[in-house]
Structures are given as structure tokens and as C-alpha cells.
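Report on one structure; see the data block that follows.
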Amino acid sequence: MLNKYFKPGQKVQIHPQNSPALGSHLESLTAQVVNCGNQQLELSLPYQTQAGEEFPFQPRMPLELVSQSFGLGVRARGEVTRLGAKGLIQVHCPSPLQAFQRRTLPRIEVSIGLRYARGRGNLRSLQAKWRKNLAVLQQPENSERRPSFAYRPANLSGGGIRFDCPETPEIAELCMLLLELSAETHPVCALAEVVWVRPAEKPGWNTLGMQFTHISKADQERIIRFVDEVLKEQERAAQQAAAS
């Protein structure tokens with residue numbers, strides 16, 4: 001059954017299921033199918049590692065794998081059986097697959113406060129830094145020491161962001177993002193993965209398409225509400241313009 005829905009080269013999202021903050025955080029990693037056999041998937045991860053800070057997996061770690069096949073989302077549950085070299089992991093998936101209709105989150109073109117830092121490090125270090133930043137930002141006593149933000153155009157949804165920058169990061173590079181949706185609330189802090197890069201209209205700049213890999217559920221809901229409010233405001237403005 002696995003090899004009907006998972007093929008070599010196919011992109012898969014990995015959701016670890018044993019995170020201590022699983023109920024409040026969303027964590028998603030990208031992988032590519034290398035081999036697919038009887039209840040076994042071999043996956044390759046694109047992220048950097050350094051000695052002593054390998055990928056945050058261990059044998060028997062439960063995972064949820066999500067991909068797309070035949071126009072539907074496909075979900076499989078399994079556990080890590082082997083950690084290989086060069087970012088390879090083997091996952092045993094004995095449970096039946098689940099097909100579902102994938103949800104498309106609305107997107108908007110908007111100007112928001114944005115700060116970003118290219119990871120230039122490995123996954124484990126960035127995960128730890130993200131958790132630390134999240135805890136600091138959510139403390140009320142730190143509200144007066146929040147960083148200043150430059151506002152820039154972006155395309156935003158609850159699942160990711162697109163914006164222009166003067167750099168050329170690599171595909172699958174991780175970046176730390178701070179997004180100011182409102183001056184009255186603390187900024188959203190998320191890790192995001194570069195999904196694609198293309199030349200921007202401004203000479204020497206690039207447009208980055210990024211998906212969130214680590215974000216609190218509360219922050220994701222804040223983005224979704226923000227997008228919804230902007231869309232409603234745009235709709236009201238369009239109706240008023242049509243009536244005038």
C-alpha cells in the first residue's frame with residue numbers, strides 16, 4: 001500500500017509526535033522519499049548537521065508523515081527504525097494510510113513588520129533558539145524591549161510567507177522570522193524553510209517562498225485571524241467602491 005501513494009523523489013512533511021510541547025506547537029520538517037517498500041519508507045532530509053548535533057530523531061520515535069498523491073492529502077503514522085548517514089532515516093509505517101482533503105489557507109498581499117535571520121546552522125540548534133525566543137517574547141515584562149521593525153510588502157498565510165530580499169539563500173535553508181502583525185501585540189516568532197527562490201523585480205534582489213516549520217499554534221491562529229480581517233476589510237472597501 002505504501003508504494004502506491006509514496007514514490008521516490010516525492011516530497012513528504014514529517015511531524016514528530018513526541019514533542020513535549022506537541023499540544024501548543026506545530027513542528028514540520030521536509031523530507032524526500034528515497035525508497036519505499038513493504039511498510040518501510042527511507043527518507044532523506046535536506047538540512048545541515050554538525051558533529052554532535054545530528055537530526056533530532058531517535059529509534060522508535062513516533063512520526064506522522066503527510067504528502068500528496070492523486071490530488072489528495074495522504075497521512076501515514078509510523079516510527080523511526082534506523083538512522084543512517086547523510087540525513088537518511090528509515091520509518092516503519094504499519095498502520096493504514098488515511099486520505100484527506102488538504103486545506104488551503106487564504107493568502108494576502110500586505111505590509112507587515114518583518115525581521116529575519118538566515119539560520120546558517122543546523123536544525124537542532126535552530127529549534128532550541130526558536131523555543132528560547134518564543135518563551136522570551138511571550139513574557140509581559142519584555143514588551144518594552146521588543147525590537148523595532150521595518151515594514152515591507154509580503155504575501156502571508158497561516159502556512160508561510162513570501163517576500164523580497166537582497167540575499168540568495170539555498171533551498172531548504174532555515175530562517176528565523178519575527179513578524180509584527182500589530183504594534184499592540186508581541187511579534188510572531190517562527191522558523192521557516194526556503195521552498196523556492198526566484199529573481200525579484202528589483203535588480204539584485206530575490207523573492208523567497210517560505211513555509212513555516214516551527215510555530216506555536218497560538219501564533220499561527222493569530223496570523224489566520226489577521227489574514228481573515230484584512231480580507232474582510234478589502235471586501236468591505238470593494239463593496240463601498242462599487243456602491244459609490
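A quick yes/no check of all residues on (1) part of a helix (DSSP H, G or I); (2) more than 12 Å from the chain's Cα centre (by Cα); (3) at pLDDT 95 or above; (4) surrounded by fewer than 12 Cβ atoms within 10 Å (Cβ to Cβ):
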site	(1), (2), (3), (4)
ARG198	no, yes, yes, yes
LEU208	no, yes, yes, no
THR213	no, no, no, no
ILE223	yes, yes, yes, no
VAL227	yes, yes, yes, no
GLU233	yes, yes, no, yes
GLN239	yes, yes, no, yes
ALA242	yes, yes, no, yes
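Going residue by residue through the stretch 123-134, is there one that turns out to be of a type in the set (Phe, Trp, Tyr) and assigned to a helix (DSSP H, G or I)? Looking for residues that are of a type in the set (Phe, Trp, Tyr) and assigned to a helix (DSSP H, G or I), one finds at least one in the stretch 123-134, hence yes.
Evaluating GLU144 against the criteria (1) assigned to a helix (DSSP H, G or I); (2) at pLDDT 90 or above leaves one unmet condition, (2). For ALA172, the conditions (1) touching a Pro at 6+ places or on another chain (Cβ under 6 Å); (2) at pLDDT 95 or above all hold with the exception of (2). Here LYS7 passes the criteria (1) open to solvent by 60 Å² or more (accessible area, probe 1.4 Å); (2) assigned to a strand (DSSP E or B); (3) at pLDDT 90 or above except the one numbered (2).
Contact map, the stretch 117-145: first residue open to solvent by 50 Å² or more (accessible area, probe 1.4 Å), second residue part of a helix (DSSP H, G or I) and at pLDDT below 80, Cβ cut-off under 9 Å, separation 6 or more or different chains; pairs are VAL136/ASN142.
Within the set GLU184, GLU193, the sole residue that is open to solvent by 20 Å² or more (accessible area, probe 1.4 Å) and acidic (Asp, Glu) turns out to be GLU184.
The values are calculated or read from the model by the stated rules, or taken from the named source; none is laboratory data. It should be emphasised that the depicted structure is a prediction, and the values quoted were computed from it without experimental measurement. Note: ideal-geometry Cβ built from the backbone for every residue, glycine included; neighbour counts use all protein chains shown. The area values use the complete protein model at the heavy-atom level, side chains included, leaving out ligands, DNA and RNA. Shrake-Rupley method; radii C 1.70, N 1.55, O 1.52, S 1.80 Å.
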